[in-house]
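Novice: To start, I am sharing the structure in question, which I have written as structure tokens.
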Amino acid sequence: MVKKVIIIAGPTASGKSALAIAVAKEFSGVIINADSMQIYRQMSILTARPSTEEMAQVEHRLYGILNADDPCSVGRWINLAIEEIQLAWDAGKLPLIVGG
């Protein structure tokens, strides 16, 4: 069986979150954050993180999981993302990597 991942990328305020939510609803997906700043708890307003209402519609992962003083490198994010992708597959869900 081929395991799939969808990547949705683009600039801030281009509609990535709305598209990701629609795709996740249609295909039983899990949205996984790929924005370098949205991983930080304190950066929700400055980064146009999905609203509480949007995040309640489908599963979202790796949003606001670190404090701003906890550095996150690409290597660290890759490890976190791989874990979330595997968890989505294990749950029979489609991982959607979303960021800009």
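Novice: So, of the residues in the range 4-27 that are modelled with pLDDT under 95 and part of a loop (DSSP other than H, G, I, E, B), which turns out to be least open to solvent (accessible area, probe 1.4 Å)?
Specialist: For the range 4-27, the residue satisfying everything is Gly10.
Novice: What about Pro71, is it modelled with pLDDT under 95, over 23 Å from Leu87 (Cα atoms) and part of a loop (DSSP other than H, G, I, E, B)?
Specialist: yes
Novice: Restricted to the range 60-86, and to residues that are open to solvent by 60 Å² or more (accessible area, probe 1.4 Å) and within 13 Å of the chain's Cα centre (by Cα), which residue is farthest from Lys3 (Cα to Cα)?
Specialist: The selected residue is Ile65.
Novice: State the number of residues belonging to the range 28-59 that are of a type outside the set (A, V, I, L, M) and open to solvent by 70 Å² or more (accessible area, probe 1.4 Å).
Specialist: Within the range 28-59, residues that are of a type outside the set (A, V, I, L, M) and open to solvent by 70 Å² or more (accessible area, probe 1.4 Å) number 6.
The values are calculated or read from the model by the stated rules, or taken from the named source; none is laboratory data. Since the model is a prediction, treat every value here as computed from it, not as a measurement. Protein only, heavy atoms only, side chains kept; ligands, DNA and RNA dropped before computing areas. Shrake-Rupley method; radii C 1.70, N 1.55, O 1.52, S 1.80 Å.
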